[in-house]
Amino acid sequence: MAKDIQISSSRPAAVKARKRACPEPWVIGLITFLSLIVLAVCIGVTVHYVRYNHRMTHNYYSTLSFTSDKVYGEFGKEASKNFTEMSQRIESMVKYAFYKSPLRGDFVKSHIIKYSQEEDGVLAHMLLIFRFRATENVDTKNSIIQRILHEKLQDATGPPKLDPASVEIKKINKTETDKFLNNCCGTRRSKSARQSVRIVGGTEVEEGEWPWQASLQWDGLHRCGASLINSTWLLSAAHCFTLYKDPARWTASFGVTIKPLKMKQGLRRIIVHEKYNHSTHDYDISLAELSSPVPYTNTVHRICLPEASHEFHPGDEMFVTGFGARQDDGYTQNHLREVQVDLIQTDICNDPQVYNGAITPRMLCAGSLQGKRDACQGDSGGPLVSPDPRNIWYLVGVVSWGDKCGQPNKPGVYTRVTALRDWITSKTGI
Ligand code: ARG
């Protein structure tokens with residue numbers, strides 16, 4: 001009986017509870033409706049925000065005529081000091097013109113690719129890169145860009161003296177832009193944000209980061225590094241060819257891995273410096289002619305050669321790259337690595353506790369006196385490179401020798417490219 005009462009009295013309570021847990025259908029409907037509206041608004045705002053802020057790259061080929069007190073022959077040569085100075089000046093005038101215009105937020109950069117001589121002055125050929133919002137009408141941009149350059153270059157102060165009325169603009173696509181950039185020496189694809197540390201203890205690189213790097217292989221086995229200096233010539237070290245001389249058994253490959261390789265080419269001719277001295281490592285430089293020219297691509301193209309008179313300084317940003325060992329007595333690496341190194345003054349490098357006078361005028365030292373950051377076996381012949389203020393990369397040195405790898409007070413020794421610059425011209429015309 002007592003049980004019955006308990007059961008009957010608990011029933012209404014259960015019904016009440018069920019009522020509270022389950023609201024009326026119209027309430028559910030309303031809540032669902034409101035949530036959907038909130039969701040729709042959120043999605044709408046996000047889509048709008050993303051679309052509005054999404055930017056697309058647009059490239060233009062532009063020519064601009066100017067006069068200067070310097071004659072064309074002085075700055076017309078790519079990678080010369082005068083070429084760089086002139087390009088820096090014009091690029092900054094163009095940059096400033098856009099900074100004072102409504103396109104200031106869209107302008108990315110201008111890049112001089114070459115000069116050509118006209119009857120009345122010189123023509124600068126440059127690429128203009130913009131990033132426009134996806135919502136903007138790009139069809140009208142040609143004339144806006146042209147007008148801005150007409151107007152704003154008016155008050156640019158030279159030298160050189162620009163002729164703003166001469167500006168011509170043509171929209172070009174990504175493939176055309178890449179082709180122009182790949183034909184210039186020393187250009188690199190900007191890498192994704194990645195901390196670059198150190199080949200002895202270094203970092204693997206991404207495809208296209210060091211597009212001039214080649215691997216020289218004897219009977220298919222990696223022996224040395226080399227740098228592409230034009231579409232048919234590689235620059236390397238003399239000692240790579242002391243034992244192995246027959247060009248027919250050598251191949252050169254490109255790309256960031258040895259297996260699989262990106263592009264393979266036979267060698268037609270090997271030129272070792274006449275004064276190369278095996279015991280002192282002096283004049284450790286060689287040239288290798290490819291059996292046919294390599295086509296330039298985003299991931300394979302040439303490095304610039306510095307002028308003979310160019311001086312690099314301690315503190316300049318420098319990298320050495322190669323497939324060499326990560327430590328003394330280590331193995332060749334299948335994936336290309338890089339390491340940042342510091343230029344070390346020759347008098348310091350010739351100190352008794354360092355290389356005690358072994359560094360000749362055809363050599364330079366780079367790495368770190370503390371050790372660790374260095375090239376190693378298998379990196380020989382490969383590039384030591386440095387960027388100029390326009391971020392164009394130059395060949396500073398060729399991996400030559402060192403006492404073990406990464407030891408304190410035993411930095412890497414490189415063939416000094418500027419000292420042998422004229423020899424390179426005499427053999428290749430470059
Ligand atoms: N001679 C070596 C080679 O044939 C390169 C040595 C570079 N050594 C150094 N510690 N940086 O690969």
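The table below lists the values:
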quantity: Filter result for the condition that a residue is buried (at least 18 other Cβ atoms within 10 Å of the Cβ) and either on the phi < 0 side of the Ramachandran plot or at pLDDT below 95 (or both), over GLY381, GLY367, GLY406, GLY397; calculated: GLY397
quantity: Some residue of region 179-189 being of a type in the set (Ser, Thr, Tyr), modelled with pLDDT of 95 or more, in a loop (DSSP other than H, G, I, E, B) and buried (at least 20 other Cβ atoms within 10 Å of the Cβ); calculated: yes
quantity: Evaluation of CYS224 against (1) within 16 Å of the ligand (Cβ to nearest atom); (2) surrounded by fewer than 16 Cβ atoms within 10 Å (Cβ to Cβ); (3) closer than 19 Å to SER291 by Cβ (one fails), failing number; calculated: (2)
quantity: Enumeration of residues in region 63-121 that are within 22 Å of the chain's Cα centre (by Cα), under 22 Å from THR157 (Cβ atoms) and assigned to a strand (DSSP E or B); calculated: PHE107, LYS109, SER110, HIS111, ILE112
quantity: Subset of region 386-403 that is within 15 Å of the ligand (Cβ to nearest atom) and in a strand (DSSP E or B) - its residue that is nearest to the chain's Cα centre (by Cα); calculated: VAL396
quantity: Given (1) within 16 Å of the ligand (Cβ to nearest atom); (2) under 30 Å from GLU176 (Cα atoms); (3) of a type in the set (D, E, K, R), number of the condition GLU289 does not satisfy; calculated: (1)
quantity: Residues located in region 162-178, provided they are within 20 Å of ASN298 (Cβ to Cβ) and either open to solvent by less than 50 Å² (accessible area, probe 1.4 Å) or part of a strand (DSSP E or B) (or both); calculated: ILE172, THR177, ASP178
quantity: Among the candidates GLY382, GLY406, residue that is within 16 Å of the ligand (Cβ to nearest atom) and more than 27 Å from CYS304 (Cα to Cα); calculated: GLY406
quantity: The one condition in (1) open to solvent by 30 Å² or more (accessible area, probe 1.4 Å); (2) within 22 Å of SER426 (Cβ to Cβ); (3) out of contact with any Pro (no Cβ under 6 Å at 6 or more places or on another chain) that THR232 fails to fulfil; calculated: (3)
quantity: Residue in region 142-161 that is open to solvent by 70 Å² or more (accessible area, probe 1.4 Å) and closer than 30 Å to THR297 by Cα present; calculated: no
quantity: Residue in region 287-295 that is in contact with a Phe, Trp or Tyr (Cβ under 8 Å, 6 or more places away or on another chain) and among the β-branched types (Val, Ile, Thr) present; calculated: yes
quantity: Extreme residue, surrounded by the fewest Cβ atoms within 10 Å (Cβ to Cβ), among residues of region 235-251 that are hydrophobic (A, V, I, L, M, F, W, C) and within 16 Å of the ligand (Cβ to nearest atom); calculated: LEU243
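Conditions (1) open to solvent by less than 60 Å² (accessible area, probe 1.4 Å); (2) assigned to a loop (DSSP other than H, G, I, E, B); (3) over 12 Å from VAL413 (Cβ atoms), marked per residue:
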site	(1), (2), (3)
ALA325	yes, yes, yes
GLY330	yes, yes, yes
GLN333	yes, yes, yes
VAL341	yes, no, no
ILE348	no, no, yes
VAL354	yes, yes, no
THR360	yes, yes, no
GLY371	yes, yes, yes
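The values are calculated or read from the model by the stated rules, or taken from the named source; none is laboratory data. What you see is a predicted model, and the numbers here were worked out from it, not measured in a lab. Heads up, the Cβs are rebuilt from the backbone with ideal geometry, glycines too, and the neighbour counts pull from every protein chain shown. Just so you know, the surface numbers come from the protein's heavy atoms only, side chains and all, with ligands and any DNA or RNA stripped out. Shrake-Rupley method; radii C 1.70, N 1.55, O 1.52, S 1.80 Å.
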